Every structure is written in C-alpha cells, then in structure tokens.
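The values are calculated or read from the model by the stated rules, or taken from the named source; none is laboratory data. Because the structure is a prediction, the values reported are computed rather than measured. Don't worry about glycine lacking a Cβ; one is built from the backbone with ideal geometry, like all the others, and counts go over all protein chains shown. All accessible areas refer to the heavy atoms of the entire protein, side chains included, with ligands and DNA or RNA removed. Shrake-Rupley method; radii C 1.70, N 1.55, O 1.52, S 1.80 Å.
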Amino acid sequence: MIAMATETSQPPAPAFEYVEPPAFSALGECLKNEPLVGIDTEFMRETTFVPELCLLQISTRERIFCADPLGADGAAAQEADELSRVLTDRCWVVHAGRQDLEVLYLGAQLLPREIFDTQVAAALLGYAPQLGYAALMAELFGASIPKLHTRADWRRRPLSRELLEYAAEDVQFLLPARDVLCTRLEELGRLDWALADSAELLDPSLYAPDPDAAIERLKGALYLSGAARRIAASLAAWRETKALEQNRPRQWILRDATLLELAVAAPASQRALERTPGLASKTARRHGAELLRLVQAAQGAPDDPRLPQPPRRPDEGHRERLKALQARVAEAAAGLGVAPEVVASRKELAAALSGARDLRIFSGWRRELIGEELLARLD
C-alpha cells in the first residue's frame with residue numbers, strides 16, 4: 001500500500017443552519033455561487049420500496065445546511081423544485097454516495113452534473129476500499145466523529161439538536177477531504193481515475209427500478225435453468241412492479257424463498273399454490289389467479305435471450321484460470337499500492353472468463369493498466 005502523508009490540521013466546524021421548505025428557494029440562492037457542495041442524506045426505507053428522504057445535509061466552504069424536506073407540499077413544493085434545479089448544476093462531494101444518490105434520484109429525480117466520491121478517491125490512494133467516512137476523516141484530519149445515531153428514526157419531528165449536529169458532521173469534512181485527496185491523487189497522476197470512477201455513480205440505470213432485471217437480485221436463482229428460471233424471472237418482475245406501485249418492500253409482497261419455491265414447484269392449481277411453503281394465505285387469496293397465470297405463461301414460453309444466463313459451474317481448469325487472472329490483478333494492484341479489488345473484483349474476473357466484455361476492467365484507466373493484457377489472455 002502507498003505510504004500515507006501525515007494528517008492535516010482539522011478544519012474549523014461551521015455552525016449548521018436548519019432550513020425548512022418555505023426557505024428552500026432562499027437556500028438555492030445561497031448555493032448558486034458555490035461550484036462545490038458536500039452532500040449527505042438521512043433516510044428511512046424499512047417500510048417502503050422507495051427510500052424516504054428525511055434530511056438533506058449540504059456543506060459549502062463556510063456553511064452547513066440541514067434541509068428538512070418533510071412537509072414540502074403545496075406551495076413549498078415549488079421551493080423544493082427551485083432548490084433541486086440549483087443542486088443539479090453543482091458538483092457534489094459525497095462519501096460512499098451510491099445510497100444517497102439512489103434516495104435523491106428515486107425521490108426527486110435529482111442527480112448532479114458532476115460528482116467526487118471521497119471513498120472512491122481514497123481507495124485509489126491505498127486506503128481500504130470500503131473505508132467509512134468517520135475512519136477516513138480520522139486519517140486525514142485526526143477528527144473524531146462518533147456514530148451514535150445510526151438507528152435514529154429520522155421521520156420523527158421535531159428533530160433534536162443532537163440529531164442535527166450528528167447529521168451536520170457527515171458533511172463537515174467533505175470539501176476539505178476532497179482538497180487533500182485531489183492534491184495527493186494529482187501527485188500520482190490518478191486524479192482523472194478518481195473522477196472517472198466517481199462519474200460512474202451518475203448512471204440513472206443504477207437507481208431506476210427495472211422489473212425485467214429483478215431476477216438478478218435473487219441470489220438463489222443463480223443456477224436455475226429452463227422453466228424454473230423463466231418462472232422466477234416472471235415472478236420477480238411481477239413483485240418489483242407491485243412493490244413500486246404500492247411503495248412497499250419487496251419482501252412484504254413475496255419473500256425471496258417463497259418466490260423460488262413457486263419457481264421450482266410450478267403449481268398448476270389454487271390448491272397447489274396454497275401449499276407452497278412460506279406463501280401467506282392472504283397473498284394466495286388476493287393474487288393466486290395472477291400468480292398461476294404467470295407460472296403457466298412462463299412454463300410455455302421460449303427462453304428470453306435478455307435474461308442473464310446462469311453461470312457455468314466451474315471445473316478445475318476454470319478455477320485455475322481464474323486464480324491466474326486474480327494473481328495478475330493482485331500483482332498490478334501491488335504496483336499501484338492499492339487493494340486488488342480496486343482494479344478488478346473476483347466476480348468481475350469470473351464474468352470476464354465466462355465471456356463478458358462490457359466490464360470496468362476493459363475500459364478507462366484499467367484497460368490501459370491491465371485490461372488489454374487480460375483480453376489477450378482470454379481471447
């Protein structure tokens with residue numbers, strides 16, 4: 001790993017400002033001259049399909065705002081729209097920002113024009129790939145950020161000052177951290193790498209629900225084939241659509257294990273359906289006819305070429321080739337002083353070995369570093 005520079009001095013902590021919806025447009029005006037903003041969210045998703053945004057934290061060089069979107073209805077909705085338009089045109093600095101972007105995209109169709117993820121950037125400097133915000137800020141600034149309220153109910157109002165201070169800390173160090181990381185990345189010639197890897201988070205397909213791809217969430221469906229795989233794909237798509245329509249968690253509609261039981265058993269009657277282990281009687285009564293139609297239609301349908309195919313069970317030769325690819329990636333990563341998974345994960349290499357070519361390892365800086373060589377080995 002790369003030897004790290006000693007920590008820099010901790011930046012002063014600005015006081016946070018609590019902003020409710022009637023003042024969102026004024027907040028947008030405050031941000032118009034800020035090219036960079038730190039962004040974090042507090043949200044809840046235990047009882048919904050779409051995560052509910054409960055607080056949006058925004059930092060600038062000198063100020064921190066805790067914007068409370070709850071109650072943004074009626075006239076306040078226009079204020080929220082104006083704030084969204086301003087935020088869309090900024091560069092966001094986030095830490096492990098995929099969940100935050102999912103929340104903002106699904107809730108408000110909100111994505112920025114540019115993004116910098118401090119976790120992504122830190123990994124390219126040799127820090128642990130999944131290093132948390134508090135740990136990174138301790139490394140960079142010697143900051144102590146206690147994580148005391150990770151299970152708080154962010155929907156409850158009023159929010160206590162203690163909770164707001166906790167939320168504000170999650171954006172306090174983002175812009176100073178970006179400055180430090182960019183300087184170190186530029187010294188190594190890797191700043192463009194961090195920008196490119198961060199920009200991958202701006203792909204809306206990462207967040208938009210796709211019923212046709214819902215089977216990919218079913219780990220137990222990995223090795224299903226034939227009719228069972230077609231049924232599983234059909235039921236997963238149905239569940240995804242229902243969950244989105246009702247804004248309820250997928251597992252509340254139909255549990256994974258029950259869905260797989262239905263795919264394998266392929267019940268042909270209401271009675272057989274009701275005997276499916278784990279299927280709630282309420283679900284069988286309410287959706288039984290629909291589920292049976294889906295099972296029957298999938299049984300008689302041809303295989304859908306759009307469905308991801310089950311992976312070939314690896315033989316000894318396949319395993320040895322995969323180990324060889326992993327060893328070469330580990331060697332290249334060691335030369336950079338980064339973890340091997342920053343260059344390519346085992347899952348990605350297995351996919352490459354099975355014929356996939358639309359992979360990160362074969363694009364951008366990774367292709368130049370080692371991707372071309374791996375392609376030559378594979379092809």
Exactly one of these conditions fails for Thr88: (1) at pLDDT below 95; (2) under 15 Å from Gly38 (Cα atoms). Give me its number. (1)
Whether any residue in region 39-48 is in a helix (DSSP H, G or I) and buried (at least 23 other Cβ atoms within 10 Å of the Cβ) is what I want to check. no
Do the conditions hold for Ala135, that is, is it open to solvent by 30 Å² or more (accessible area, probe 1.4 Å), modelled with pLDDT of 95 or more, out of contact with any Leu (no Cβ under 7 Å at 6 or more places or on another chain) and in a helix (DSSP H, G or I)? yes
Tell me yes or no: at least one residue of region 194-203 is more than 28 Å from Leu53 (Cα to Cα) and out of contact with any Asp or Glu (no Cβ under 8 Å at 6 or more places or on another chain). no
Go through (1) modelled with pLDDT of 95 or more; (2) open to solvent by 10 Å² or more (accessible area, probe 1.4 Å); (3) in contact with an Asp or Glu (Cβ under 9 Å, 6 or more places away or on another chain) one by one and return the number of the condition Gly288 breaks. (2)
Just to confirm my filter: which helices (runs of 4 or more DSSP H) fall fully inside region 328-379 and include at least 1 residues that are of a type in the set (Asp, Glu) and within 22 Å of Val120 (Cβ to Cβ)? 340-343, 346-353
If I filter region 145-168 down to residues being of a type outside the set (Asp, Glu), open to solvent by 80 Å² or more (accessible area, probe 1.4 Å) and over 26 Å from the mean Cα position of the chain (by Cα), which single residue comes out as farthest from Met44 (Cα to Cα)? Arg161
Considering each of Pro302, Pro267 in turn, give the residue that is buried (at least 17 other Cβ atoms within 10 Å of the Cβ) and not in a helix (DSSP H, G or I). Pro267
Checking Ala243 against (1) crowded, with 17+ Cβ neighbours inside 10 Å; (2) under 24 Å from the mean Cα position of the chain (by Cα); (3) in contact (Cβ under 8 Å) with a residue 60 or more places away in the chain; (4) under 22 Å from Ala301 (Cα atoms), which single condition isn't satisfied? (4)
Going by the structure shown, is Val329 surrounded by 13 or more Cβ atoms within 10 Å (Cβ to Cβ) and either of a type in the set (Phe, Trp, Tyr) or under 19 Å from Pro129 (Cα atoms) (or both)? yes
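The rows are residues; the columns are (1) surrounded by 18 or more Cβ atoms within 10 Å (Cβ to Cβ); (2) closer than 29 Å to Glu46 by Cβ.
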site: Leu175; (1), (2): yes, no
site: Glu187; (1), (2): no, no
site: Asp212; (1), (2): no, yes
site: Lys219; (1), (2): no, yes
site: Leu235; (1), (2): yes, yes
site: Ala257; (1), (2): no, yes
site: Gly278; (1), (2): no, yes
Of the criteria (1) assigned to a loop (DSSP other than H, G, I, E, B); (2) more than 20 Å from Gly38 (Cα to Cα), which one Thr150 fails: (2)
Considering residues of region 120-132 that are surrounded by fewer than 21 Cβ atoms within 10 Å (Cβ to Cβ) and of a type outside the set (A, V, I, L, M) only, the residue farthest from Leu83 (Cα to Cα): Gly126
Here is a list of conditions, (1) modelled with pLDDT under 95; (2) more than 20 Å from Val103 (Cα to Cα), and Ala213 meets all of them except one; can you say which number that is? (2)
Pairs under 6 Å by beta carbon, first residue closer than 27 Å to Leu254 by Cα in region 40-61, partner in a loop (DSSP other than H, G, I, E, B) and small (Gly, Ala, Ser), six or more apart or different chains? none
Go through (1) farther than 26 Å from Ala232 by Cα; (2) modelled with pLDDT under 95; (3) acidic (Asp, Glu) one by one and return the number of the condition Asp303 breaks. (1)
Among the numbered criteria (1) in contact with a helix residue (DSSP H, G or I) (Cβ under 6 Å, 6 or more places away or on another chain); (2) assigned to a loop (DSSP other than H, G, I, E, B); (3) among the hydrophobic types (A, V, I, L, M, F, W, C), which single criterion is violated by Leu259? (2)
Of (1) at pLDDT below 95; (2) within 22 Å of the chain's Cα centre (by Cα), Glu42 satisfies all except one. Which? (1)
Is there a residue being open to solvent by 20 Å² or more (accessible area, probe 1.4 Å), assigned to a helix (DSSP H, G or I) and in contact (Cβ under 8 Å) with a residue 12 or more places away in the chain anywhere in region 111-118? no
The residue that is most open to solvent (accessible area, probe 1.4 Å), considering only those in region 96-110 that are part of a helix (DSSP H, G or I) and not hydrophobic (A, V, I, L, M, F, W, C), is Arg98
